[in-house]
Amino acid sequence: MKRALLIAIAAVGLMAAEPPPAPDRPLPDAAQEARAKALFADIRCVVCQHEAIADSPAGIAADMRRLVREEIAAGRTDAQVREDLVRRYGDFVLFRPPVRVGTWLLWFGPLAALLAVGFGLLTLSRRRRDETPALSAGEEARLADILASGADRRDPDAKPSDD
């Protein structure tokens, strides 16, 4: 019974898995293939998000590589290929998105956050601390009496070495 259950779970897992992508077919022209590989390194896989499509095993990355090769074979420039991918997937698809109003937060957000934290820390360090007023003569005398009598000890079992 357990064996049949394990086989059923494995079969469902295999059916749910994404089929492996078709193997890449390089372009016949070596110069075009070199351009395609250079573009592969600059384009982010939309599934993996931290890998270039050159390194990604995802099926969508294989589709994106095929698309880039098709566009290069059709005579498009690298800029046109990038523009088409940005049109389809957004600026996120590029590892180095362009600097424009829509991407200012992406480009300058970390610097702005760092400057804000630095300004906040500087402000906190320069803020005036309230001075504690000095003890009066009567308070000094009372404190001396308390310290001399040992009444400040909270634990009666404590030894002088515990202080």
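Would you please name the residue that is nearest to Leu67 (Cα to Cα), looking only at residues in region 93-111 that are touching a residue at least 40 places away in the same chain (Cβ under 8 Å) and outside any helix (DSSP H, G or I)? Per the stated criteria, the residue is Leu94. Listed conditions (1) in contact with a Pro (Cβ under 9 Å, 6 or more places away or on another chain); (2) surrounded by 14 or more Cβ atoms within 10 Å (Cβ to Cβ); (3) free of Cβ contacts under 8 Å to residues at least 40 places away in the same chain are all met by Ile53, apart from (1).
Residues checked against (1) basic (Lys, Arg); (2) touching a helix residue (DSSP H, G or I) at 6+ places or on another chain (Cβ under 7 Å); (3) surrounded by 13 or more Cβ atoms within 10 Å (Cβ to Cβ):
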site	(1), (2), (3)
Ala58	no, no, yes
Arg65	yes, yes, yes
Ala74	no, no, no
Arg88	yes, no, no
Gly118	no, no, no
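Considering region 51-83, and only residues there that are small (Gly, Ala, Ser) and assigned to a helix (DSSP H, G or I), the residue that is farthest from Ala30 (Cα to Cα) turns out to be Gly59.
Read-outs: derived from the displayed coordinates by stated rules, not from any lab. Remember, predicted model here, so these are calculated numbers, not experimental data. With ideal geometry, Cβ positions are generated from the backbone for all residues, glycine too; neighbour counts draw on all protein chains shown.
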